1. Please report, in whole Å, how far the alpha carbons of region B:163-213 spread along each principal axis, starting with the longest.
2. Residue B:59 to residue B:183: FRET efficiency via 1/(1 + (r/R0)^6), r the Cβ-Cβ distance, R0 22 Å, to the nearest 0.05?
3. More than 15 Å apart: what percent of Cα pairs in region B:136-222 qualify?
4. Compute the long axis of helix B:63-72 from its Cα atoms, compare it with the longest principal axis of the Cα atoms of chain B, and write down the angle in degrees, 0 to 90, nearest 10.
5. What nm value, rounded to one decimal, do you get for the distance between residue A:339 and residue A:499 when each label is placed 7 Å out toward the C-beta?
6. Name all residues of region B:173-207 having a backbone nitrogen under 18 Å from the label point set 7 Å from the Cα of residue B:21 along its Cα→Cβ direction, giving them as ranges.
7. If we sort B:14-20, A:306-312 on the protection proxy, mean other Cβ atoms within 10 Å, highest first, what's the order?
8. Using only Cα atoms, tell me the angle between helix B:171-188 and the longest principal axis of chain B; keep it within 0 to 90° and round to the nearest 10.
């Protein structure tokens, strides 16, 4: 019965592409799929409604300049645009997070990123508009809800004319969008100019950004900034994972236009290089939402590694908090480092040696050395015992007592090692590693997708005159039973305790986030199917058999449905909304005139 | 993916210059090599399909109006100062090849002068705009040009000197200013145009001319580059007959 249901309504939950189908010449689905237009109307008219700074706000919250004042220490010198709101607490966070902490000697230019909690509950007037754009984004590229990202370009150079002897300044982009590669490219263009030419440069850059199209997934966006044009494409959730739609077209003139092949992917191979024997164990730790800390020599390395960790379970969205760069001044410092509770499900990247002591009790610690020294790769590397991590100069490696559920995949290690020996380009190594993680994650998630799809009620249980049927509940035992026949063994040759891994995963925040998202999508699909069924009914014939009171009640209910469909952007067949509207009008017209006047009134906001 | 190019952006013949006394060249048609190339390999025309054009000039001479008359077909009577730089992209089809102009409309205000150089880099054409009814704006044109040229290679940049607000000048005044403008154009090797964004007079012809000439220059530059490559190939082939020729190692990249 359940199986039948999933067949009938099979399209609700998109099954990941068949892993074997990796033919590079095949047309990617994104090129064929035309995005369903939102019920709100065409995009052109929506864009026309935007006010000054709306376009800017769709990309960035603000731009900050953080400098060093001899008396005050780090301080936010400029916030642009000037009307942007940041609470004092947020400003303090930005101050500390925009500079390398302690004694790290980052001379020259450094780029890194951080993430911090949004202070007050400020509402954006753009909210509804941005949701439309966000709907088509893959889960891991959706706009952040309670956090901001800070993308930093830090410059530290000797300057004898200054009292401190050094010029130290950061240009920081504050945004809710997780497009790390894109924002770092943007800063590479903006920051050096800013440090030379000061505020008019910021003003002009912000003005450039305020003319950009809104960040809509799936479109090729042309973004003029400071004399060059950046070309990007934000992936959609309909893209085939692991493919890129934007190809470098011929030799583009870097002075005139720059094509970014990715907006968010970090170089996984470079980031995992220092600990690459343990990648599979790290994947498990991230998947399970284990408390993890990365101790690195600089913010650039800590933030790169944390972002690599978070993205290694893509297309799953990492559901807990993560901080690419975390300092002792962070407002969550106490909360996250307390010894009175078990370490929280978070991933922290730190550089301050003080953390070696503060986080000694954490179950999993990754220590990385200087990534720049690309020396010979060790032949083998053991997982290190936690008790050995006491001193500040502990050796690089992974310190944990964790026993992985899955057996180690020696092939990927050998393949990458061979690449190192043969001096295979880093981009190729990165692609191999990314593909490996993707296949692993998909093998893991496909059985869950399948089971959850079977929770959808049968189409025939949807009746226009009853409320939509409920999704059946997720029952762990039922799911585990499906693994026997349709488990990850179908797509992965890895052996090991998959059952144990699932059991652990079902308790993790990552499962919670994933399931909640799926449930919302499926509930919306049910609502949509219900509404479509309702529109197919002959309402006039129906009300003829009913009293006036019932007819009025019907109008009110239909109006509610209409508002809901518009507010939640229900995935309706095109034309459904129009049909519903004409139904409402027809029913109203069949009523006595005095009632018509009342019901035609638009609902008061 | 993109909609077809608008009809009035399709260029099949080289548009005429405005004044033969101050033109970049006065030939009747596109360079024969360019024509031949476009006929032979339309699809291969990838690397020269875009040109960066910067528009400079005094405050309120009408740079933004000139561009919006062309790109949007509209003229606004209210003045709004440009902050930093405005940007428009305009698509053409020249001799059957898709070609785009990136139009960077810079601010005339003094306050933004320091950032201008950032925006000037890599331009293939510079349009210096002055107000036909203001002699001052013409005398400043030389300075604008010099600033813009600092960031660019003088041998590869096309210059245009454009007088705007033609509708506001009396015939006498116009004749006098034009004489000076043409003199300056000759001196700085620019092509002179007089237009009115308000009436639209000359605007489309002017931008078609800009598109055509930058396109032609791009194709010729490309031909020169590939030409030198051909020569190298020939040398290499001759080399290979020598005994000391070692074949290039195949890379191990996957």
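No lab work stands behind these numbers, since they all come straight from the coordinates. Nothing here was measured: the structure is a model prediction, and the numbers come from that model. Because the Cβ atoms are built from the backbone with ideal geometry, glycine has one as well, and the counts that use them run over all protein chains shown.
1. 32, 29, 9
2. 0.40
3. 64
4. Roughly 70 degrees between the two axes.
5. 3.9
6. Once the point is set 7 Å along Cα→Cβ of residue B:21, B:173-195 turn out to lie under 18 Å by backbone N, inside region B:173-207.
7. Descending mean neighbour count gives A:306-312, B:14-20.
8. Tilt of helix B:171-188: around 30 degrees.
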